[in-house]
Amino acid sequence: MHRLRALALVGVVVGAAFVPSTASAPRTAAAPPPCSEEPRENPISEFTSYDEMLVELDRIERVSEGRVALAEAGTSNQGRGMMLARVGSGPKVVFITAEIHGNEKTGPDALLDVVDYLGTSDSTAAQRIRDQLTVVAMPKINPDAASLDRRGNDMTWEEAQARFPQLAASPPPWNYITDQRQGDDYSQRPGFDVNRDYHPDLNYQPQPQDFPGSSDSPGWFLSPETQTVRDVYKRLRAEFGAVDTYVDLHHQGACYTVPGTDDFVTMSLSGKFVADPRTPEGSEFAEFADTFRPEYSRQLNVAAYNALQDAAERNPDYGHITLYPQDINLPGTGLGAFQLNGSGAVLFEVRGQTQTLGEQHRETLTRTVHIGLDGILSSIASGEVTRLDPAAYDQIPPTDRGERTLGGQTDIEG
C-alpha cells in the first residue's frame with residue numbers, strides 16, 4: 001500500500017491523562033512545547049523524492065484504468081522533467097501546484113495522494129469530482145530545489161542572461177540568492193526564489209528597465225520552472241476558457257500559534273495576494289478589473305477551512321487553522337498573477353519547513369493538506385462553494401506570529 005494512502009487508515013490516539021472533574025479548580029494552560037526556527041539538519045527521507053514521485057505517478061496512471069493521464073509539461077533548469085497529472089473530465093479546471101520551494105515537502109505527498117484517490121476510487125464523492133471537474137496537478141514545480149532541499153532553484157544569473165541577451169547589462173534581480181538562506185549556502189550554487197518570478201501579463205518578456213525589481217512588483221518569467229507553469233496555465237485557459245481555481249501548496253514558520261492559545265498553527269490559508277485592481281491601490285493592474293474575483297477566492301478558502309474544522313472532531317490538530325497575513329502585495333507570485341487573470345486562488349501554508357521540523361508530524365501535516373484540498377474540490381463539484389458566505393473568510397483567526405516581524409524577503413514564506 002502506498003504510504004500516503006495509508007494515512008486515511010491512521011486513527012487518532014489520545015494518551016491517557018488525568019482529567020480533573022468539573023468541580024476542580026480551573027487549570028492553567030500548559031506552556032507550549034519548545035519550538036525553534038533555528039535552521040538545522042533534519043531527517044527528510046520519509047518525504048517523496050523526485051525519483052520516487054516518478055515511480056508513484058507511473059503506478060497511479062497504470063492502476064487508474066485510464067482516469068489519470070501523465071505528461072512532462074517542461075523541464076527544470078537542470079533538465080528534470082516537470083510532471084503533470086490530469087484526472088477528470090468536467091468543465092471546470094482546478095490547477096494545483098506544490099513545492100515551488102524545495103524545502104516545503106508535504107504538498108507533493110498530499111497531492112500524490114489526492115491524484116491517487118481521484119484516479120482509483122469508485123466512491124460517489126470521487127466520481128462527482130471527476131464528472132464536474134478536471135483536476136490538473138503538478139506535484140514538484142521546482143524539482144532542482146527539491147533535490148537540493150532548499151528554497152531556491154539551481155540557476156545562475158549568467159544562465160538567465162544567456163537566455164535573454166537584452167539583460168546583458170542589467171543587475172541581478174532582487175530574488176537572486178547568492179548568500180546564506182534558511183540554513184543553506186548559495187555561494188557556490190546560486191539560485192532564484194522562483195515564487196517571485198511570475199508576471200500578471202502572461203506574455204511578458206523580460207525588459208532591462210524592470211530590474212532589479214522588488215517583492216511588491218511583478219516578476220519576469222526568467223526561470224524554466226515558472227515559464228512551464230505559466231504555459232500550462234495558458235493552455236488550460238485556452239482549452240477551458242478560464243482556469244476556475246488555482247491552489248499553491250507552501251510551508252511557513254514552525255512556531256506560530258492560534259491566537260489566544262498555545263496551539264501551534266497546523267496550516268494557514270489565504271485568498272489575498274494583490275491589491276484589488278478596481279481600487280486606487282491596485283490601479284497598476286486596472287486592466288484586470290473585469291477578471292478579478294476576490295469573493296470567489298474567499299469562498300474557496302472558506303470551503304477548505306470548513307472541511308478542516310469538521311475533521312478536527314477526529315484530530316484537533318486539523319482545526320488549528322489560521323489566516324495568513326493579509327497585508328501583502330505579491331503580483332510576482334503565481335497566486336497573484338493567476339488571481340488577476342480570473343482564477344479563484346488559495347494559498348496553503350503548512351507548519352514548518354525541512355530546516356525547522358524536517359519530517360516531524362509528517363502524517364498529520366500531509367493529511368491536513370489532503371483534507372483542505374478535498375474540501376475545495378468537493379465544494380466546487382457540488383456547487384456548494386458559491387453558496388458559502390465570503391464574509392466568513394474574515395472570521396478565520398489571524399496567525400499569531402509572536403515577536404516575528406515582516407520585512408525581509410524571506411519573512412513572507414510564500
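The values are calculated or read from the model by the stated rules, or taken from the named source; none is laboratory data. If you're wondering where the values come from, they're calculated on a predicted model, not measured in any experiment. Positions of Cβ are backbone-derived with ideal geometry, glycine not excepted, and every protein chain shown enters the neighbour counts. Areas reflect the complete protein model, heavy atoms only, side chains present, ligands, DNA and RNA absent. Shrake-Rupley method; radii C 1.70, N 1.55, O 1.52, S 1.80 Å.
Hey, among Val247, Val232, which residue is part of a helix (DSSP H, G or I) and open to solvent by less than 10 Å² (accessible area, probe 1.4 Å)? Steps first, please.
Details: Val247 fails: part of a helix (DSSP H, G or I).
The conditions single out Val232.
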*For the stretch 212-228, enumerate the residues that are buried (at least 17 other Cβ atoms within 10 Å of the Cβ) and in a loop (DSSP other than H, G, I, E, B).*
Gly213, Ser215, Ser217, Pro218, Gly219, Trp220, Phe221, Leu222, Ser223
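Show me the helices (runs of 4 or more DSSP H) entirely contained within the stretch 92-165 in which 3 or more residues are closer than 19 Å to Arg230 by Cβ.
The helices (runs of 4 or more DSSP H) meeting that bar are 143-148, 157-163.
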*Does Gln132 satisfy the condition of being crowded, with 18+ Cβ neighbours inside 10 Å and over 25 Å from Glu104 (Cα atoms)?*
yes
*Within the stretch 72-91, work out how many residues are more than 13 Å from Lys140 (Cα to Cα), part of a strand (DSSP E or B) and either over 20 Å from the mean Cα position of the chain (by Cα) or among the β-branched types (Val, Ile, Thr) (or both).*
1
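This table checks each residue for (1) open to solvent by less than 40 Å² (accessible area, probe 1.4 Å); (2) farther than 30 Å from Leu236 by Cα.
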| position | (1), (2) |
| --- | --- |
| Pro259 | no, yes |
| Ser270 | yes, no |
| Pro277 | yes, no |
| Thr291 | no, no |
| Tyr324 | yes, no |
| Thr333 | yes, no |
| Asn341 | yes, no |
| Ala345 | yes, no |
_Residues satisfying the stated conditions in the stretch 266-295, i.e. touching a residue at least 24 places away in the same chain (Cβ under 8 Å) and in a loop (DSSP other than H, G, I, E, B)_ = Thr266, Gly271, Lys272, Phe273, Val274, Ala275, Pro277, Thr291, Phe292, Arg293
*Taking Tyr198, is it of a type in the set (Ser, Thr, Tyr), at pLDDT 95 or above and touching a helix residue (DSSP H, G or I) at 6+ places or on another chain (Cβ under 7 Å)?*
yes
*Please list, ordered by first then second residue, the pairs with beta carbon atoms under 7 Å, 6 or more apart or interchain, first in the stretch 371-394 and farther than 13 Å from Tyr305 by Cα, second among the polar types (S, T, N, Q) and at pLDDT 95 or above.*
Ile380/Thr245; Ala381/Gln132; Thr386/Gln299
*Of Arg314, Arg293, Arg278, which residue is closer than 20 Å to Val94 by Cα and among the charged types (D, E, K, R)?*
Arg293
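In the set Pro208, Pro173, Pro190, which member is crowded, with 21+ Cβ neighbours inside 10 Å and touching a helix residue (DSSP H, G or I) at 6+ places or on another chain (Cβ under 9 Å)? Spell out the reasoning first.
Details: Pro208 fails: crowded, with 21+ Cβ neighbours inside 10 Å; Pro190 fails: crowded, with 21+ Cβ neighbours inside 10 Å.
Pro173 is the lone residue from the list that is crowded, with 21+ Cβ neighbours inside 10 Å and touching a helix residue (DSSP H, G or I) at 6+ places or on another chain (Cβ under 9 Å).
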*asked:* For the structure I just gave you, tell me whether Tyr204 is at pLDDT 95 or above and closer than 21 Å to Ala345 by Cβ.
replied: yes
*Take the stretch 57-74 and flag every residue that is in contact with a strand residue (DSSP E or B) (Cβ under 8 Å, 6 or more places away or on another chain) and open to solvent by 60 Å² or more (accessible area, probe 1.4 Å).*
Asp58, Glu61, Arg67, Glu72
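Could you list, in sequence order, all residues of the stretch 145-170 that are among the acidic types (Asp, Glu) and touching a residue at least 12 places away in the same chain (Cβ under 8 Å)? Before you say what the answer is, go through the steps one by one.
Restricting attention to the stretch 145-170, the residues satisfying the condition of being among the acidic types (Asp, Glu) are 149, 154, 158-159.
Those that are among the acidic types (Asp, Glu) and touching a residue at least 12 places away in the same chain (Cβ under 8 Å): Asp149, Asp154, Glu159.
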_part of a helix (DSSP H, G or I) and farther than 15 Å from Val247 by Cβ: which single residue out of Thr386, Thr356 fits that description?_
Thr386
*Tally time: how many residues in the stretch 193-205 are in contact (Cβ under 8 Å) with a residue 60 or more places away in the chain and open to solvent by 20 Å² or more (accessible area, probe 1.4 Å)?*
1
